[in-house]
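Trainee: Following this message is one structure expressed as structure tokens.
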Amino acid sequence: MAPCIDFVFMAFGLLLLLIAVTTSRPITRPKVFDVRSYGAKGDGKMDNTNAFTNAWKDACRWNGPSKMYIPLGTFYLGGVTFVGPCDGKISFVIDGTLLAPPNNDDIKKEIWINFRYINYLTVFGDGTLDGQGKKSWSLIDCQKDNNCPKLAINMGFDFVKNSSMNGITSLNSKAGHFNFLSVDHFSITRVNIIAPSNSPNTDGIKIALSSNMQISNTHISTGDDCIAMLSGNTNFDIYNVKCGPGHGISIGSLGKNKDEKNVNGLMVRNSVFTGTTNGIRIKTWESSASTIRIINLVYENLQMINVENPIGIDQKYCPYPPCSNMGDSHIQIRNVTLKNIWGTSKNKVAVKFQCSKTFPCKDVQLIDINLTHHGVDGPASALCENVDGSATGKMVPPHCLS
Ligand SMILES: *[C@@H]1O[C@H](CO)[C@@H](O)[C@H](O)[C@H]1NC(C)=O
Ligand SMILES: *[C@@H]1O[C@H](CO)[C@@H](O)[C@H](O)[C@H]1NC(C)=O
Ligand SMILES: *[C@@H]1O[C@H](CO)[C@@H](O)[C@H](O)[C@H]1NC(C)=O
């Protein structure tokens, strides 16, 4: 019986394969718009801003799939905005290096390379965005000065939908590396982000008012947050991320401005933090202008290697003191699961929940935590203020939830 059944299955399988092959449509090759055909030169000197803008215009107007192509070479590029909507699916392929003006004033924009109002955009390639930030980093000290000069972000996506970014390297941005605003259905994968640990305000990926995003297989070494989630983000899945050096994966800071929106649904999993100042943290201003919620968060399978503050909720965030006598944070944090988080904490306090007195954190669940500290000040400890929750499984340090 058995061989006969095998034969029937095999014949059936072949038939299905045949149907699949004969009915699949031929792949439409995208029309290529090579920046060199628009006069671009990869000599690291000539300003290619106009050539890139003109190539984009034609690619975006092409009624069908199109591909704007940047070959190997070093293409000096001023501030550019690539605006849609486009007439077809569009890809932006970078094989070479895009070189930013070293002087921030020569960019004349908040974002060096900015994509706006586009659906079905794919940014990919083995190329590099070199922000040449070194010269401008020394000019700013935003730790002390709230009104420090605004430097350009390497690449931004505003109102971009059903799109993706794959494989790009962002190097030495002046301010943040990548910014996302009002983006929906976007996947980021295999991206490399590199800047020194002492480069100020070089957030890796900064996101606001966006939804349905995935960040995976991405390596972030930078001087500020690896990933910063701001107001109005929903349904995020972050996995296989390597963070460090950097300030960890953060929600916030939130609470400073009136019009902020809820953060709802964030999963951070299977990731490693190496030598970062923070692992995962949520920070809200001590005195908040907005009354919003940060809810439904899952942090799972995370390794902390020599992280200063592996787990932290800080609802007393006050970077420019004094902030006292201005009331408690009005931001409600609720339904946070922290599961299977292990490794080493540089500080004694490895788990810190400093929640709002008027809006205590609720439904915080700890499951299998093992964060050890090796220091003369004794083993790792946990700190709890205004937090309700539960703990199960192994628990190092001992929890302090009630
Ligand atoms: C984007 O994709 C989602 C899910 O596949 C779909 O529901 C939505 O309509 C798409 N949006 C656009 C602008 O095509
Ligand atoms: C808590 O958050 C998780 C993850 O988003 C979600 O699956 C679950 O339904 C939430 N629980 C409640 C009670 O809202
Ligand atoms: C926690 O991790 C340490 C170091 O890796 C290990 O020696 C210890 O057995 C672990 N503790 C628990 C309770 O799993």
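The values are calculated or read from the model by the stated rules, or taken from the named source; none is laboratory data. Since the model is a prediction, treat every value here as computed from it, not as a measurement. Neighbour counts run over all protein chains shown; Cβ positions are idealised from the backbone, glycine included. When the accessible area is computed, the model is the full protein with side chains, heavy atoms only, and any ligands, DNA or RNA have been set aside. Shrake-Rupley method; radii C 1.70, N 1.55, O 1.52, S 1.80 Å.
Trainee: I'd like to check one number: the per residue accessible area of the chain, probe 1.4 Å, reported in Å² as a whole number.
Mentor: Numbers: 18540 Å² over 402 residues.
Averaged over the residues of the chain, the accessible area is 46 Å².
Trainee: Got a sec to turn the phi values of the stretch 276-289 into Karplus ³J(HN,Hα) couplings, 6.51 cos²θ - 1.76 cosθ + 1.60 with θ = phi - 60°, whole Hz, x for Gly and Pro?
Mentor: For the stretch 276-289, the Karplus-derived couplings read 7, 6, 10, x, 10, 8, 10, 10, 10, 5, 4, 10, 9, 8 Hz, x marking Gly and Pro.
Trainee: Just how far, in whole angstrom, is the stretch 202-281 from the stretch 62-114 if you go by their alpha carbon centroids?
Mentor: Cα centroid to Cα centroid, the span is 25 Å.
Trainee: Averaging over every viewing direction, what projected area does the convex hull of the Cα atoms of the stretch 339-379 cover, in nm²? Provide the component values of the computation, followed by the final result.
Mentor: Details: hull surface 14.3 nm².
Result: 3.6 nm².
Trainee: Report, largest value first, the span of the C-alpha coordinates of the stretch 107-215 along each principal axis, in whole Å.
Mentor: Here the spans come out as 39, 28, 23 Å, largest first.
Trainee: How big is the dipole moment of the stretch 186-320 about its Cα centre under a simple scheme where the beta carbon of each Lys and Arg is +1, that of each Asp and Glu is -1, and everything else is neutral? Debye, nearest 20, please. Walk me through the numbers on the way to the answer.
Mentor: On the way: 11 positive and 10 negative charges, 29 e Å.
The calculated dipole for the stretch 186-320 is roughly 140 debye.
Trainee: In the stretch 303-378, with Lys and Arg counted as +1 and Asp and Glu as -1 at Cβ, which of these residues, 335, 358, 318, has the Cα nearest the positive end of the dipole, that is, farthest along it?
Mentor: 358
Trainee: Is there a pair in 283/362; 41/174; 41/89; 109/174; 67/174 whose C-alpha atoms are over 19 Å apart, and which pairs would that be? Don't jump to the answer; show the numbers that get you there.
Mentor: Working: 283/362 16 Å; 41/174 24 Å; 41/89 26 Å; 109/174 12 Å; 67/174 28 Å.
Flagged as over cut-off: 41/174; 41/89; 67/174.
Trainee: Can you give the direction-averaged projected area of the convex hull of the alpha-carbon atoms in the stretch 284-371, in nm²?
Mentor: Values: hull surface 24.2 nm².
In nm², the orientation-averaged hull projection of the stretch 284-371 is 6.0.
Trainee: Please work out the Kirkwood hydrodynamic radius for the chain, using every pair of different C-alpha atoms, and report it in angstroms with one decimal place.
Mentor: Numbers: mean 1/r = 0.0438 Å⁻¹.
Over the chain, the inverse of the mean reciprocal pair distance is 22.8 Å.
Trainee: Principal axis lengths of the stretch 45-88 from Cα atoms, whole Å, largest first?
Mentor: 33, 20, 10
Trainee: Considering the zone a paramagnetic label at residue 270 would reach in this model (a point 7 Å from Cα along the Cα-to-Cβ line), which residues of the stretch 308-349 have amide N under 17 Å from it?
Mentor: 339-342
Trainee: Taking 0.36 nm per intervening residue step and subtracting the Cα-Cα distance, what contour gain separates residue 289 from residue 45 on full extension? Show your work: numbers first, answer last.
Mentor: Details: separation 244, 0.36 × 244 = 87.84 nm, distance 4.71 nm.
Taking 0.36 nm per residue and subtracting the Cα distance, the gain is 83.1 nm.
Trainee: Right, another one. Report the dimensions of the stretch 33-180 along its three principal axes from the alpha-carbon atoms, largest first, rounded to Å.
Mentor: Per principal axis, max minus min of the Cα coordinates gives 51, 33, 24 Å.
Trainee: Considering only protein heavy atoms and a probe of 1.4 Å, how much of the accessible area of the stretch 316-371 is carbon and sulfur, as a whole percent?
Mentor: Carbon with sulfur: 49 percent of the solvent-accessible area.
Trainee: Let me ask you something else. How would you classify the stretch 175-218 from its alpha-carbon gyration tensor, with a ≥ b ≥ c the square roots of the eigenvalues: rounded for a/c under 1.5, else prolate if a/b is greater than b/c, otherwise oblate? Each step should come with its number before you reach the end.
Mentor: On the way: a/c = 3.82, a/b = 1.55, b/c = 2.46.
Cα axes put the stretch 175-218 in the oblate bin.
Trainee: What are the semi-axes of the equivalent ellipsoid of the stretch 231-276, taken as the square roots of 5 times the eigenvalues of the Cα gyration tensor, listed largest first and rounded to whole Å?
Mentor: On the way: eigenvalues 113, 42, 5 Å².
Here the semi-axes work out to 24, 15, 5 Å.
Trainee: When only the heavy atoms of the protein chains count and the probe is 1.4 Å, how do 400, 226 rank by accessible area, highest first? Provide the component values of the computation, followed by the final result.
Mentor: Details: 400 50, 226 0 Å².
The residues order as 400, 226, largest area first.
Trainee: Another one. State the extension gain, in nm to one decimal, for the chain segment bounded by residue 372 and residue 394, taking 0.36 nm per residue of separation less the distance between their alpha-carbons. Please report the intermediate quantities before stating the final value.
Mentor: On the way: separation 22, 0.36 × 22 = 7.92 nm, distance 1.24 nm.
Length difference between fully extended and current span is 6.7 nm.
Trainee: Still on this model: For the stretch 170-270, what class follows from the C-alpha gyration tensor (a ≥ b ≥ c being the square roots of its eigenvalues): rounded when a/c is under 1.5, otherwise prolate if a/b is larger than b/c, else oblate?
Mentor: oblate
Trainee: Given charges of +1 on the Cβ of Lys and Arg and -1 on the Cβ of Asp and Glu, with all other atoms neutral, how large is the dipole of the chain about its Cα centre, in debye to the nearest 20? Can you show the working numbers first?
Mentor: Values: 38 positive and 32 negative charges, 87 e Å.
About 420 debye.
Trainee: Where does the stretch 224-317 land on Rg(C-alpha)/(2.2 N^0.38 Å)? Write down the numbers at each step before the final one.
Mentor: Details: Rg = 12.9 Å, N = 94, 2.2 N^0.38 = 12.4 Å.
After normalising by residue count via 2.2 N^0.38 Å, the value is 1.04.
Trainee: Now for a separate question. Residue 190 label point, 7 Å along Cα→Cβ, cut-off 15 Å on backbone N: hits in the stretch 108-135?
Mentor: 122-128
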